[in-house]
1. For Leu182, only one of the following conditions fails: (1) at pLDDT 90 or above; (2) in contact with a helix residue (DSSP H, G or I) (Cβ under 9 Å, 6 or more places away or on another chain); (3) more than 21 Å from Glu19 (Cβ to Cβ). What is its number?
2. Tell me yes or no: at least one residue of region 146-156 is of a type outside the set (Gly, Ala, Ser), within 24 Å of Glu70 (Cα to Cα) and in a helix (DSSP H, G or I).
3. Checking Phe203 against (1) in contact (Cβ under 8 Å) with a residue 40 or more places away in the chain; (2) in a loop (DSSP other than H, G, I, E, B); (3) open to solvent by 60 Å² or more (accessible area, probe 1.4 Å); (4) closer than 27 Å to Phe64 by Cα, only one condition comes out false. Which one?
4. Within region 235-251, can you find the residues that are over 16 Å from Ile123 (Cα atoms) and either free of Cβ contacts under 8 Å to residues at least 12 places away in the same chain or in contact with a Leu (Cβ under 7 Å, 6 or more places away or on another chain) (or both)?
5. One residue is enough: does region 82-100 have a residue meeting the conditions under 24 Å from Ser27 (Cα atoms), within 13 Å of the chain's Cα centre (by Cα), of a type outside the set (A, V, I, L, M, F, W, C) and open to solvent by 20 Å² or more (accessible area, probe 1.4 Å)?
6. Which is within 21 Å of Leu181 (Cα to Cα) and free of Cβ contacts under 8 Å to residues at least 60 places away in the same chain, of Ala92, Ala56, Ala105, Ala96?
7. Could you please find all residues in region 218-231 being assigned to a loop (DSSP other than H, G, I, E, B) and under 19 Å from His162 (Cβ atoms)?
8. Please specify each residue of region 16-33 satisfying the condition of being within 23 Å of the chain's Cα centre (by Cα), over 23 Å from Tyr180 (Cα atoms) and open to solvent by less than 30 Å² (accessible area, probe 1.4 Å).
Amino acid sequence: ILGHEIQSINLELPLGEFESITRFLRSIWDAVCDEIGIESPDDFFIGEGFSQAVLASGGVPRDFFGVVKEGLLISHERSERGVGKRRINEAARIYAEGTKYPELAIDMARDARIVEVLLFDIIRFVRDTRKTNCFHINLDILESDHELRNLLDALVDSRLLHLISDNTSSSRRTGRYAAYLLDVGLYGHPERRKERAINEVRFWERDAQGRLKNLSRAVIYPLRSVEELKETAKRSQEQGLNVRAYILEDEGSEGESTASPGSSRHVKDNMQQFLPFQDHDT
């Protein structure tokens, strides 16, 4: 009976505990390498490769190994001496498309389209407008709507969003906020350079008081109503819009100059009719 002979143990840490998560995953990686006779586990990585793999995993061991495996395959095909940050980003995209996204569709079943629309709106706001990877959500609003909270939790459960902290603040607004990270597989596109580059917030860095010092100015995503999300899901499905194309293929890649049918830009332009862009983060 739970509470007597058995006690629950929470093995999931928020990503704000990034240093602890890194040590945990490194201990597992070293143990696996030792078990199969690899003497120098660090030789597989170059530069920021290992830390980026931790970030891409969201702290989940099976996702860490899944991303690293894809990264090693890419690196081997290109005769590179190790897996760096860029290859981990490529691997995270492959892993998100092949593993995480399909799991979301299975887990959510009939509500999958609604969750997909919510993810579309978050990505349009955070990745493609604000060009960052971290954002805040107002907890007072979120906790007042149980159905909306379930939709957001589905994205966290599928590891397409990662919780950084469930109690943080914004330097520009009063209130309670939770901080989230977009999965690396959703923003780590090799075409994102110069003015299209994503600002990767080093959210794990702390000040002298131990606070996550770089999160205070994270953008605040303006939550939608469930009714608006449901209506958009219905209308976009009737139009045959492949919202997944926008989420995974990364709108605005170099070379995509026209909104051809089925392209991510085509999806974005048409979704604007059903779900007009809003930005209350002022």
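The values are calculated or read from the model by the stated rules, or taken from the named source; none is laboratory data. Since the structure is predicted, the reported quantities are computational estimates derived from the model, not experimental observations. Here the Cβ positions follow ideal geometry from the backbone for every residue, glycine too, while neighbour counts run over all protein chains shown. Protein only, heavy atoms only, side chains kept; ligands, DNA and RNA dropped before computing areas. Shrake-Rupley method; radii C 1.70, N 1.55, O 1.52, S 1.80 Å.
1. Exception for Leu182: condition (3).
2. Taking region 146-156 as the starting set, the residues that turn out to be of a type outside the set (Gly, Ala, Ser) are 146-153, 155-156.
Still in the list and also within 24 Å of Glu70 (Cα to Cα): 155-156.
The next check asks that each one be in a helix (DSSP H, G or I); those that pass are 155-156.
Within region 146-156 (the criterion being of a type outside the set (Gly, Ala, Ser), within 24 Å of Glu70 (Cα to Cα) and in a helix (DSSP H, G or I)), the answer is yes, since at least one residue qualifies.
3. Every condition holds for Phe203 apart from (3).
4. Step one: list which residues in region 235-251 are over 16 Å from Ile123 (Cα atoms), which gives 235-241.
Correct list: Glu238, Gly240.
5. yes
6. On the way: Ala92 fails: free of Cβ contacts under 8 Å to residues at least 60 places away in the same chain; Ala56 fails: free of Cβ contacts under 8 Å to residues at least 60 places away in the same chain; Ala96 fails: free of Cβ contacts under 8 Å to residues at least 60 places away in the same chain.
Answer to the check: Ala105.
7. Passing the criteria: Ala218, Tyr221, Leu223.
8. Trp29, the sole residue that qualifies.
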